[in-house]
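Trainee: Mind having a look at this structure? Questions to follow.
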Amino acid sequence: MSALKKILVVDDDPYILMSLEFLMKKNGYDVMVARNGKEALDIVEKQLPDVVLLDIMMPDVDGYEICRHIKSSKKLKDAKVVFMSAKTKEADIKKGYDLGASLYITKPFSTREMIKQIKELIA
Amino acid sequence: MSNITAILAALLYLAILFGVAYYAEYKLKKGKSIINNGYVYALSLGVYCTAWTYYGSVGQASTRGIEFLAVYIGPTIMAALFWPILRKIVRICKTQRINSIADLISIRYGKNFSLAVVVTVLCILGVIPYIALQLKAISGSMNILTGNTETLPGLSNILGDNTLYIAIALAFFIMLFGTRSIDASEKHEGLVAAIAFESIVKLVAFIAVGLFVTFGLFNGFSDIFSKAADDPTLSKLFQFSDTGSYSTWTGLILLSMLAIIFLPRQFHMGVVENVKEVHIKKAIWVLPLYLLLITFFVFPIAFGGKLLLGHTAINADTYVLALPMQHGAKWLGLITFIGGFSAATSMIIVETIAISTMMSNNIATPLLLASQKFKPKGDGQLTNPILNIRRFSIILIISLAFLYDKLVAQHFSLVSIGMVSFAAVAQFAPAVLGGIYWKQASQKGAMAGISIGFAIWFFTAVIPSLASAGIISMNTVDQGLFGISWLKPLSLFGMQGMDSITHCFFWSMIFNITAFAVVSLNSKKTGQEAYQAEIFVDIFRHSSTPDSNTIWKGTAYLPDLNSLLANFLGAERAEKIIATYARRHNISLETNKADPRLVAFAEKILGGVIGSASARIMVSSVSKEEELTVDEVLNILRESQQVLGANKELRKKSAELQKATAQLTDANKQLQDMDRNKDEFLYTVTHELRTPLTSIRAMAEIVHDNTDMDEDQREQFLSGIIKETERLSHLITQVLNLEKYESGKQLLNMTSVQMNGLINDAVRSIRPLANEKGIQTEIKIPDSMFLVQCDEALIMQVLTNLLSNAVKFAPQNGHVSVTLQSTYEELQVRVHDNGKGIEPGLHELIFDKFFQAKNQTLRKPEGSGLGLAICKKIILLHGGDIWVESEDGNGSTFIFTLPLS
């Protein structure tokens, strides 16, 4: 058994961040959080997470941009990207998958459902 | 090349033209308009370049040098003025359903019948020779192509004359695509597409010849030009010659500036067929570019021709075609011929449609309607006769042109006829330009100006050419009219040193403008005239509501009006049009008497079908109109002015409206935008709701699923849920508020409010928030009290919103101030913070709904993104204004005003 799976949660809403951090810890993951795009880019480079939970609309660098960065980097491209966004248009979702995301979860979502999906994804 | 090949090529080309026109109309039926495009519009203005450009400019360049450029420089200059001038004419013609220059002039000057006739006659006289010239170019070029000798003048061998068949085919084409619908003010989709296509054909063909001569017969530009420079007669062509040249340049440039708008074909393409005003913006640069491209190779071809064919008897006017033919490039010759053919046909087609519309609307139809006593039966019985009149006019014009070509035209050179045409239509310029910019311009003035200009044009331009052609004696030209020496047509009042066209232009314009101005200033106007003057000159003020201020007095009955329209449009369509109009303007159709607005509307609709003159006759046949006096008209207009003047608020609003109208030229697009905006607004609202919902749900689930979590954490999640719920309800309240302001449901509860106190209260309410960030607040209010009429609660809302924003954006330990100032007219409140400021590009945008959300770099988790949008609505409802002043790094100041009194 390797070390704990690393999950990075990125969202600019403090309550969502707080909730997901709690939830992921409780389910036995090694959790890191980022409040904005710049922090997120910083952390992915240094920590090489296995999964990145990614909000799209953020003040500085948006989620699509971060996903593009991850997928184009040699050492990061195995990280799984899960978008979670209030953008619900068909085109936005398609864009997310086209960029290489494993999942696109629309807000509001159920945390119970989400945990199930993450577990399946990592298994 | 055989005669048959040439005529087959020409007919094949015409068939392609039919194809293009059909394709365009087919596309339109499928819902896609090809001509709804700025480039197509600009290309269709290329109808300016006729066979005269195509063949004649090389001829002119090889004898008179760079002077040929003058008639392209004029339009280039005018293109820069398209937006103020052409756009105004287009707007007028669209709102008034005007479809010819004769209509434009007659409607502006009180719907005067005789003016329309004079303008039409002048157009026919001025332009038919010009059409004939195009036919001449077609037959001439065909002869060169086939190696025939010149076609004999006269009618002796008419059946063996190719031009006859070409003319018949053209007449057929024009009837087919030019008389599609009875409403002449409707667009001719196929026609415009075909003309734009022709513009491309002639350009490509001419450039092909240019390339052939430059790189095929010579070794590039430097080769041609250095050889030309070595030849003393050719090198002279680069210089302005010394006799009368400056006056010629000025004259030609001015003439062609006017021609690009007032030639019937230009007016038709530029105004009547214009689909959208914004297309004019494209034409402003595309048309000059087109003219530049089509004149680019004129010198190389002219010099090439002189150098290679100068020793032969070949006329320089035909170098374009002769050069490839003489050097064995038969196929290129055929393409060149088609290019010239397209230049000629496009001109013939458009000019004929424009003039036939004028002829049938202003002369033939009124005669028809007057001859058989008209009784409205309401069965569409007049649709066919009127279409037939228009078709007959087309045949008549083409026949006249054909006969002119055969019997008269061989006496003139290509260029002189064209310029005589230019000078003829220039006579309309004072009446039209004066009519759209000068309210004093009167019917008598216009009539005087056009008539005297017309007479002098005839005397100084037509008489000499008739004389030199041997049709009349030279006595008048040599000795002056009645032997009076200062009445010589080529040196009027002893004026010498100008070429004949400039001379004609100079004197006709001087007299035209003087007569127009002097008579206008000294003549009385009818009510109708004063009204039209007002509408035309201030069209951008009136075009938003062109019918609501209709001035018409008299009695008419609805059934009569109905059957009158039905005669021309068919019963079903007539009824539909009237019903739609009535619904839009809240006019009751229950009464038997027709509303004046309906009468005026019916006249306008008919005007589009049969021209304004006939429409006026028709409407007066079913109504009893009382003539309005000038005083009555001015009173009506003044009354509306007073209502506007009395209320400053209204005036401001109307200025805003005007601005909005100018921007929203495209009604269709606007509707779509509105729809999209609504969708976008809804999407953004739901989007904004999703974020707090997400955190509430997540936190609630966590608290629910984790009964074992420690007290502190539980507390954290629960208070989070409460905060987010508050945010959610705040957002919903804001959205509902905004909706209330936007739909106009919010009524203002106006009271006298003491502004000083209100500001103090507002600052007090945000002080706790400011203290948290260590921010200093400062109030700068003069000692005197300020009372203002406003809704206290709403203005309080604006103040606290601006203040809390200021606190939010000021730095830690920063500083926020409120200033109150007043002028006699308004109160001004300024809320300043020393934050990092707002970049200028965003100053307008930040007042948009959800601006923050859409521009993520500015988004803050707190705030709904609706605060400033709501502030703006509230202030606008009060008749005030709100804006922001900010420089990067110097903080920002939000300012709103409230009107005093």
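The values are calculated or read from the model by the stated rules, or taken from the named source; none is laboratory data. Just so you know, these numbers come straight off a predicted model, no measurement behind them. Backbone-built Cβ (ideal geometry, glycine too); neighbour counts: all protein chains shown.
Trainee: Is it the case that B:MET359 is within 24 Å of B:VAL201 (Cβ to Cβ) and not small (Gly, Ala, Ser)?
Mentor: no
Trainee: Also, quick follow-up: With (1) part of a strand (DSSP E or B); (2) among the polar types (S, T, N, Q); (3) modelled with pLDDT of 90 or more as the list, and B:GLN789 as the residue in question, which single condition is left unmet?
Mentor: (3)
Trainee: Mind checking which pairs have a first residue in region A:6-34 that is free of Cβ contacts under 8 Å to residues at least 12 places away in the same chain and a second that is of a type in the set (S, T, N, Q) and assigned to a helix (DSSP H, G or I), Cβ under 6 Å, 6 or more apart or different chains?
Mentor: Partner pairs satisfying both residue conditions: A:TYR15/B:SER695.
Trainee: I'd like to check which helices (runs of 4 or more DSSP H) are fully inside region B:421-507 and have at least 3 residues that are under 28 Å from the mean Cα position of the chain (by Cα).
Mentor: Correct list: B:429-437, B:443-457.
Trainee: Has region B:552-565 got any residue that is outside the structural domain of B:VAL599 (by TED's automatic domain parsing) and at pLDDT 75 or above?
Mentor: No, every residue in region B:552-565 fails to be outside the structural domain of B:VAL599 (by TED's automatic domain parsing) and at pLDDT 75 or above.
Trainee: Sticking with this one: Take the residues in region A:1-30 that are within 14 Å of another protein chain (Cβ to nearest Cβ) and in contact with a strand residue (DSSP E or B) (Cβ under 6 Å, 6 or more places away or on another chain); name whichever of them is farthest from A:LEU121 (Cα to Cα).
Mentor: Taking the candidates together, the pick is A:LEU17.
Trainee: Let me ask another. B:SER33 fails exactly one of the following numbered conditions: (1) touching an Asp or Glu at 6+ places or on another chain (Cβ under 8 Å); (2) crowded, with 24+ Cβ neighbours inside 10 Å; (3) at pLDDT below 85; (4) small (Gly, Ala, Ser). What is the number of that condition?
Mentor: Tallying (1) touching an Asp or Glu at 6+ places or on another chain (Cβ under 8 Å); (2) crowded, with 24+ Cβ neighbours inside 10 Å; (3) at pLDDT below 85; (4) small (Gly, Ala, Ser), B:SER33 fails exactly one: (2).
Trainee: Follow-up question, since we're still on this one. Evaluate region B:83-106: report whether one residue or more is crowded, with 24+ Cβ neighbours inside 10 Å, over 22 Å from B:GLU273 (Cβ atoms), modelled with pLDDT of 85 or more and not assigned by TED's automatic domain parsing to the domain that holds B:LEU396.
Mentor: Within region B:83-106 (the criterion being crowded, with 24+ Cβ neighbours inside 10 Å, over 22 Å from B:GLU273 (Cβ atoms), modelled with pLDDT of 85 or more and not assigned by TED's automatic domain parsing to the domain that holds B:LEU396), the answer is no, since none of the residues qualifies.
Trainee: Name every residue in region B:328-359 that is assigned to a helix (DSSP H, G or I) and among the small types (Gly, Ala, Ser), in order of residue number.
Mentor: Answer for region B:328-359, where residues must be assigned to a helix (DSSP H, G or I) and among the small types (Gly, Ala, Ser): B:GLY333, B:GLY339, B:GLY340, B:SER342, B:ALA343, B:ALA344, B:SER346, B:ALA354, B:SER356.
Trainee: Can you pull out the residues in region B:833-872 that are at pLDDT 80 or above, aromatic (Phe, Trp, Tyr) and assigned to a loop (DSSP other than H, G, I, E, B)?
Mentor: none
Trainee: Another one. Does region B:754-783 hold any residues that are in a helix (DSSP H, G or I), of a type in the set (Lys, Arg) and out of contact with any Ser or Thr (no Cβ under 8 Å at 6 or more places or on another chain), and which are they?
Mentor: B:ARG764
Trainee: Evaluate the following for B:THR502: is it over 18 Å from B:LEU115 (Cα atoms), polar (S, T, N, Q) and at pLDDT 80 or above?
Mentor: yes
Trainee: Another one. With B:SER765, B:SER784, B:SER719 as the choices, which residue is within 12 Å of another protein chain (Cβ to nearest Cβ) and among the hydroxyl-bearing types (Ser, Thr, Tyr)?
Mentor: Matching residue, one of B:SER765, B:SER784, B:SER719: B:SER719.
Trainee: Could you list, in sequence order, the residues of region A:18-40 that are in a helix (DSSP H, G or I), closer than 18 Å to B:GLN713 by Cα and out of contact with any Ser or Thr (no Cβ under 9 Å at 6 or more places or on another chain)?
Mentor: Residues satisfying the conditions are A:GLU21, A:PHE22, A:MET24, A:LYS25, A:LYS26.
Trainee: Mind checking whether some residue in region A:72-87 is surrounded by 14 or more Cβ atoms within 10 Å (Cβ to Cβ), at pLDDT 90 or above, in contact with a Lys or Arg (Cβ under 7 Å, 6 or more places away or on another chain) and closer than 20 Å to B:ALA698 by Cβ?
Mentor: So far as region A:72-87 goes, yes, one or more of its residues are surrounded by 14 or more Cβ atoms within 10 Å (Cβ to Cβ), at pLDDT 90 or above, in contact with a Lys or Arg (Cβ under 7 Å, 6 or more places away or on another chain) and closer than 20 Å to B:ALA698 by Cβ.
The rows are residues; the columns are (1) of a type outside the set (Asp, Glu); (2) free of Cβ contacts under 8 Å to residues at least 12 places away in the same chain; (3) outside any loop (DSSP other than H, G, I, E, B).
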| position | (1), (2), (3) |
| --- | --- |
| B:LEU11 | yes, no, yes |
| B:GLY19 | yes, yes, yes |
| B:GLY31 | yes, yes, no |
| B:TYR41 | yes, no, yes |
| B:TRP52 | yes, no, yes |
| B:SER57 | yes, no, yes |
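Trainee: Does B:THR725 satisfy the criteria of being under 22 Å from A:PHE109 (Cβ atoms), more than 8 Å from chain A (Cβ to nearest Cβ), out of contact with any helix residue (DSSP H, G or I) (no Cβ under 6 Å at 6 or more places or on another chain) and hydroxyl-bearing (Ser, Thr, Tyr)?
Mentor: When the stated conditions are applied, B:THR725 passes them.
Trainee: Could you list, in sequence order, all residues of region A:21-65 that are closer than 30 Å to B:ASP705 by Cα and of a type in the set (Gly, Ala, Ser)?
Mentor: A:GLY28, A:ALA34, A:ALA40, A:GLY63, listed by residue number.
Trainee: Taking region B:590-605 as the region of interest, how many residues are surrounded by 16 or more Cβ atoms within 10 Å (Cβ to Cβ) and over 25 Å from B:GLY110 (Cα atoms)?
Mentor: Qualifying residue count, region B:590-605: 0.
Trainee: Is it true that some residue in region B:695-708 is within 14 Å of another protein chain (Cβ to nearest Cβ), modelled with pLDDT of 85 or more, exposed (fewer than 14 other Cβ atoms within 10 Å of the Cβ) and part of a loop (DSSP other than H, G, I, E, B)?
Mentor: Yes, some residue in region B:695-708 is within 14 Å of another protein chain (Cβ to nearest Cβ), modelled with pLDDT of 85 or more, exposed (fewer than 14 other Cβ atoms within 10 Å of the Cβ) and part of a loop (DSSP other than H, G, I, E, B).
Trainee: Given B:THR684, B:THR751, which one is more than 9 Å from chain A (Cβ to nearest Cβ) and in a helix (DSSP H, G or I)?
Mentor: When all the criteria are applied, what remains is B:THR684.
Trainee: It is to be established whether one or more residues within region B:812-822 are modelled with pLDDT of 90 or more, within 30 Å of B:MET750 (Cα to Cα) and buried (at least 21 other Cβ atoms within 10 Å of the Cβ).
Mentor: Checking region B:812-822: at least one residue is modelled with pLDDT of 90 or more, within 30 Å of B:MET750 (Cα to Cα) and buried (at least 21 other Cβ atoms within 10 Å of the Cβ).
Trainee: Still on this model: Please verify whether region B:478-487 includes one or more residues that are surrounded by 19 or more Cβ atoms within 10 Å (Cβ to Cβ) and free of Cβ contacts under 8 Å to residues at least 60 places away in the same chain.
Mentor: No: zero hits.
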